[in-house]
Structure formats: C-alpha cells, structure tokens
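Enquirer: Below: one structure in structure tokens.
The values are calculated or read from the model by the stated rules, or taken from the named source; none is laboratory data. Since this is a predicted model, take the numbers as computed values, not measurements. Cβ sites come from the backbone with ideal geometry, for glycine too, and all protein chains shown count toward neighbours. To get the accessible areas, we keep the full protein, side chains included, count just its heavy atoms, and leave off ligands, DNA and RNA. Shrake-Rupley method; radii C 1.70, N 1.55, O 1.52, S 1.80 Å.
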Amino acid sequence: MDDSRRNLITAGGLLAALLAAGSRAAELAQPAAPAWNQAAFAAKTVADCLKTLGVTASQEGAELDLTAPEIAEDGAVVPVVVQCRLAGVREIHILVDKNPFSLAASFFFSDGTDPFVSTRIKMNETSSVVALAITDRQAYLARRPIKVTIGGCGG
Amino acid sequence: MADPMKLRASMHVDRVEVKILMAHPEESGFRKGPDGSTVPAHFISNVTVQHAGREVLRAQWGPAISKNPFLQFAFRGAARGDELTVTWIDNLGETRTDRVTVA
C-alpha cells in the first residue's frame, strides 16, 4: 500500500469524524423546546386546571400569603405577590378565575430558593386570583377577589 | 433580537434578591389590532435562572403575564460577585439570555 493512498484513507476518516462532530454540534445548538404544560395552560376553569396539575385535595390556610390590590384600575397590569411560610415548597402556581385560560404562571423552586415570587399578570374582568403552593406532601390554596376597572386581555 | 433584560441581583445577608424586567410584547392572542383582525399570541413561555451551573428558578408562563414581564424572587447559596444567567424563550421560539453579577 503506497503512502498517498494511506493518506487519503486517513483524511477520509478524519473528514467523517469531523462531519459527525459537526452534526452533533448542530444538535447541541438546537436544544429541545423546554417543557410547557399544554393541558394546564389550556384549562378554562380553576377546577379543571387543578386537575391537570394533579391536585385532588388542597387546604386553605394562613401559611400561604397572596398579596394583590383590592381594586386594579388596569387589568393589563395587576401586581401579585405570593409568599409561603412552609418548608419544602416545590411549585407555586398563579391562576385567575375568569380569564379565558385560568393558569397564568407556574414557578418551580430548587432547594435554597425562597417560596416567594412577585410578578404582574393580566386580568380580563373582576374575579378571584388563586395562588397554589405545592409541597412534597400537600397542596395549599389562597384566594383573593380583585375588582378590575378595565379588562386586560382583549380590547 | 429582543431588547436586553434589565437585571438586578443584590445580597441581603445570606439571600440574593433578584429582580428581572424583560422586554416583550406579551400578546394574549385575544386582542384585536387596528384593522380589526386578532393579533396572534406572542408570549414568553419559559424562564430559567441559573447560578454556577445550577438552576435556581424555573417558570412556565401563559399569555396572562403583563407586557414587559416583571419577576422578583430570592434564593440562598450565592456570594457577592457571583454571576447569574437568565434565559427566556417565547412561544414563537425567540429566546434571549442575559447575565448579572450579584452586588
């Protein structure tokens, strides 16, 4: 076997390796879309949404604080703060009773992250906002009615 | 490319308070445009915050988050000078990542 042929074979092998590496790099550059709970976000009532989140029983108590204005002049921007005094909170969800789709946001906490979140949501009309905190063992609900002067979904 | 996020991370004893303001239209998919046709939904669907390669907060959002979303949370286990990475992705596949140093 002469040298030039051996070089060609080596080069071919190298090229194949490079191509393989290239396609792998392309795969890495295009990560799979992150998880999004389609069923929960498509639920049209709070009860249905709780079902899709796997919550069958929940208790209302003082451990979960939901802070929001009593009257929101602009339904497009309603500040909501959810704070939980329990240990081991894994998830906090924010739902709006009379929005076209109930679930507004879901937050997932790591160890060391406070069970607290502050954000701003849209409300279509006067209704209840529901905060749901899920620990390893139990689900907790807090409800608060909010009057909306101008709806914030359509218009 | 979407505008950069406004990020602030400040140390309070052993907790880092993180405030995030994202630039995004957050179209609900219910609003009608000037020509009377419905403006298609365009909203941030996922947010992640990472510290030192570890995910500290993950969120899934629907279209009911207000325009130019605001998010505040707090976590433990970081020190001044550490870097946080915040990434969002929307329902049309647009994404944006910004970094902030804990002050």
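Enquirer: Within the bounds of segment A:42-65, is there any residue that is among the hydrophobic types (A, V, I, L, M, F, W, C) and assigned to a strand (DSSP E or B)?
Expert: Yes, the conditions are met somewhere in segment A:42-65.
Enquirer: Another question about this same structure. Within the bounds of segment A:93-104, is there any residue that is of a type outside the set (D, E, K, R), away from every other protein chain (no Cβ under 12 Å), more than 18 Å from residue B:72 (Cα to Cα) and touching a residue at least 12 places away in the same chain (Cβ under 8 Å)?
Expert: no
Let's see how each residue does on (1) closer than 26 Å to residue A:56 by Cβ; (2) open to solvent by less than 30 Å² (accessible area, probe 1.4 Å):
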residue	(1), (2)
A:87	yes, no
A:100	yes, no
A:106	yes, yes
A:119	no, yes
A:129	yes, yes
A:138	yes, no
A:142	yes, yes
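Enquirer: Confirm whether residue B:75 is touching a Pro at 6+ places or on another chain (Cβ under 9 Å), touching a residue at least 24 places away in the same chain (Cβ under 8 Å) and either among the hydroxyl-bearing types (Ser, Thr, Tyr) or facing chain A (nearest Cβ under 7 Å) (or both).
Expert: no
Enquirer: From the list B:93, B:81, which residue is open to solvent by 30 Å² or more (accessible area, probe 1.4 Å), within 12 Å of another protein chain (Cβ to nearest Cβ) and farther than 21 Å from residue A:118 by Cα?
Expert: After ruling out the rest, the residue left standing is B:93.
Let's see how each residue does on (1) within 9 Å of another protein chain (Cβ to nearest Cβ); (2) without any contact (Cβ under 8 Å) to a residue 40 or more places away in the chain; (3) open to solvent by less than 40 Å² (accessible area, probe 1.4 Å):
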| residue | (1), (2), (3) |
| --- | --- |
| B:35 | no, yes, no |
| B:46 | yes, no, yes |
| B:53 | no, yes, no |
| B:61 | yes, yes, yes |
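Enquirer: Looking at B:52, B:78, B:59 in this structure, which one is of a type in the set (A, V, I, L, M) and within 15 Å of the chain's Cα centre (by Cα)?
Expert: Of the residues listed, the single one that is of a type in the set (A, V, I, L, M) and within 15 Å of the chain's Cα centre (by Cα) is B:59.
Enquirer: Only one of (1) more than 8 Å from chain A (Cβ to nearest Cβ); (2) touching a residue at least 40 places away in the same chain (Cβ under 8 Å); (3) open to solvent by 10 Å² or more (accessible area, probe 1.4 Å); (4) under 13 Å from the mean Cα position of the chain (by Cα) fails for residue B:17. Which number is that?
Expert: (4)
Enquirer: Somewhere in segment A:75-93, is a residue assigned to a strand (DSSP E or B) and touching a Gly at 6+ places or on another chain (Cβ under 9 Å)?
Expert: Yes, segment A:75-93 contains a residue that is assigned to a strand (DSSP E or B) and touching a Gly at 6+ places or on another chain (Cβ under 9 Å).
Enquirer: Only one of these conditions is not met by residue B:67: (1) under 19 Å from residue A:104 (Cα atoms); (2) surrounded by fewer than 16 Cβ atoms within 10 Å (Cβ to Cβ); (3) of a type in the set (D, E, K, R). Which number is it?
Expert: Condition not satisfied by residue B:67: (2).
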